[in-house]
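Enquirer: Pasting a structure below so you can have a look.
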Amino acid sequence: MPELPEVEVTRRGLAPQLAGRVISGVEVREARLRWPIGADVRSLAGRTVKAVHRRGKYLLVDCGDGHLILHLGMSGSLRVLAPGTPAGKHDHFDLLLGDRILRLRDPRRFGAVLWAPGDATTHRLIAHLGVEPLSRQLDAARLHALTRGLRTPIKLFLMDARRIVGVGNIYASESLFRAGIHPRMKAGRLSLAQAKRLSAAIKHTLRKAIRAGGSSLRDFVGVDGNPGYFQQRYSVYDRAGLPCRRCGSAIRRIVQGQRSTFFCPRCQAT
């Protein structure tokens, strides 16, 4: 599933190509995504795109009187194409913008295209989301405070979008490795010193992934059609049995919350 870096890479690619453009129409070839594409989305023609924002893993296309909410689901990607570009089997939605098209490709159809009138932050999918990890709001003190009293393993805490939004499975494993924290440690045991290391590690890992264009494990490509290459730089994720890049110990894999977690037993002993 595309995580925060992949969505931010997409946002940065879309923003200069969409801002200021007038929506000339909408084409829906398959409305049955995670939630059906509604009539309000089909009637967006005439609105001007003001900006493209991101909240967690959601893209928010600001149209002044509301926002088009886009989610890439498990396998989606967005491309900006020339008008008349033939649609493929999984190209379900086009936002027509005069001399260009914003096209959603979503093979598994777990993505979303929804219209939110007014303030998108009050939408049911957005309102409950936690702290943005790349914002100044996430510092050592805030992270430490969020973990107090929790018996949840720290890895699962990092993946809880109600507390910190968008980190996801890959980047949680990578951040914990960088911070030297075992993924099974109870979140409530996180010390202030560890919180300082971990908050810095999260920001470093996410920014590094964004610079690399995100991770392309299966379907993800950026707006330009090129895959990301951060997967070539993983320290622990998907490296079970391989030597740790830091100490040489074999990377281990465990399952937490039905997701794979990867860590170094020596570098992350605590």
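The values are calculated or read from the model by the stated rules, or taken from the named source; none is laboratory data. Here the structure is a predicted model, which is why all the values come from computation and not from measurement. Ideal geometry is used to build each Cβ from the backbone, glycine not excepted, and the neighbour counts take in all protein chains shown. Accessible surface areas use protein heavy atoms only, side chains included; no ligands, DNA or RNA. Shrake-Rupley method; radii C 1.70, N 1.55, O 1.52, S 1.80 Å.
Enquirer: Can you pull out the residues in the stretch 62-78 that are buried (at least 23 other Cβ atoms within 10 Å of the Cβ) and among the hydrophobic types (A, V, I, L, M, F, W, C)?
Expert: L68, L70, L72, L78
Enquirer: Considering only the stretch 81-91, I want to know if a residue exists there that is open to solvent by 50 Å² or more (accessible area, probe 1.4 Å), over 26 Å from R21 (Cα atoms) and not aromatic (F, W, Y).
Expert: Yes, the stretch 81-91 contains a residue that is open to solvent by 50 Å² or more (accessible area, probe 1.4 Å), over 26 Å from R21 (Cα atoms) and not aromatic (F, W, Y).
Enquirer: I would also like to ask the following. Where in the stretch 1-94 are there strands (runs of 3 or more DSSP E), lying fully within it, with 1 or more residues that are closer than 27 Å to M159 by Cβ?
Expert: Values: elements: 25-28, 51-55, 58-62, 66-71, 77-81.
Output list reads 51-55, 58-62, 66-71, 77-81.
Enquirer: Oh, and also: Please state which one of V61, V41, V22 is touching a residue at least 40 places away in the same chain (Cβ under 8 Å) and either of a type in the set (K, R) or closer than 24 Å to R162 by Cα (or both). Working first, answer last.
Expert: Details: V41 fails: either of a type in the set (K, R) or closer than 24 Å to R162 by Cα (or both); V22 fails: either of a type in the set (K, R) or closer than 24 Å to R162 by Cα (or both).
Exactly one of V61, V41, V22 is touching a residue at least 40 places away in the same chain (Cβ under 8 Å) and either of a type in the set (K, R) or closer than 24 Å to R162 by Cα (or both), namely V61.
Enquirer: Being of a type in the set (F, W, Y) and open to solvent by 20 Å² or more (accessible area, probe 1.4 Å), is that true of even one residue in the stretch 115-126? Before you say what the answer is, go through the steps one by one.
Expert: Of the stretch 115-126, the ones of a type in the set (F, W, Y) are 115.
When the remaining residues are screened for being open to solvent by 20 Å² or more (accessible area, probe 1.4 Å), the result is 115.
Yes: the stretch 115-126 contains one or more residues that are of a type in the set (F, W, Y) and open to solvent by 20 Å² or more (accessible area, probe 1.4 Å).
Enquirer: Separate question: Across the stretch 173-189, what is the number of residues that are in contact (Cβ under 8 Å) with a residue 24 or more places away in the chain, out of contact with any Pro (no Cβ under 7 Å at 6 or more places or on another chain) and under 12 Å from K203 (Cα atoms)?
Expert: The total comes to 3.
Enquirer: Of all residues in the stretch 178-198, which are in a helix (DSSP H, G or I), open to solvent by 10 Å² or more (accessible area, probe 1.4 Å) and either within 12 Å of P133 (Cα to Cα) or not polar (S, T, N, Q) (or both)?
Expert: Selection gives R178, G188, R189, L192, A193, K196, R197.
Enquirer: Might you let me know whether the stretch 68-83 holds any residue that is within 25 Å of L134 (Cα to Cα), polar (S, T, N, Q) and either under 18 Å from the mean Cα position of the chain (by Cα) or modelled with pLDDT of 95 or more (or both)?
Expert: Yes.
Enquirer: On to the next question. Given the options L134, L59, name the one that is within 30 Å of A200 (Cβ to Cβ), open to solvent by 10 Å² or more (accessible area, probe 1.4 Å) and modelled with pLDDT of 95 or more. If you could, list the steps in order and put the result at the bottom.
Expert: Details: L59 fails: open to solvent by 10 Å² or more (accessible area, probe 1.4 Å).
So the residue among L134, L59 that is within 30 Å of A200 (Cβ to Cβ), open to solvent by 10 Å² or more (accessible area, probe 1.4 Å) and modelled with pLDDT of 95 or more is L134.
Enquirer: If I ask for residues that are surrounded by 14 or more Cβ atoms within 10 Å (Cβ to Cβ) and more than 12 Å from V52 (Cβ to Cβ), which ones from the stretch 10-28 would you list?
Expert: Selection gives I23, S24, G25, V26, E27, V28.
Enquirer: Any chance the stretch 146-154 includes a residue that's within 30 Å of R47 (Cβ to Cβ), more than 15 Å from the chain's Cα centre (by Cα) and either modelled with pLDDT under 95 or open to solvent by 40 Å² or more (accessible area, probe 1.4 Å) (or both)? Full working, then the answer.
Expert: Within the stretch 146-154, the subset within 30 Å of R47 (Cβ to Cβ) is none.
Scanning the stretch 146-154 turns up no residue that is within 30 Å of R47 (Cβ to Cβ), more than 15 Å from the chain's Cα centre (by Cα) and either modelled with pLDDT under 95 or open to solvent by 40 Å² or more (accessible area, probe 1.4 Å) (or both).
Enquirer: In the stretch 95-129, what residues are outside any strand (DSSP E or B), of a type in the set (A, V, I, L, M, F, W, C) and touching a residue at least 12 places away in the same chain (Cβ under 8 Å)? Explain how you work it out, then say what you get.
Expert: To start, the set of residues in the stretch 95-129 that are outside any strand (DSSP E or B) comprises 97-100, 106-111, 118-129.
Restricting the remaining residues to those that are of a type in the set (A, V, I, L, M, F, W, C) gives 97, 110, 120, 125-127, 129.
Across the stretch 95-129, the qualifying residues are L97, F110, A120, L125, I126, L129.
Enquirer: Of all residues in the stretch 140-157, count the ones that are assigned to a helix (DSSP H, G or I) and in contact with a Pro (Cβ under 9 Å, 6 or more places away or on another chain).
Expert: Narrowing the stretch 140-157 to residues assigned to a helix (DSSP H, G or I): 140-147, 154-157.
Applying the additional criterion that residues be in contact with a Pro (Cβ under 9 Å, 6 or more places away or on another chain) yields 154-156.
So the count comes out to 3.
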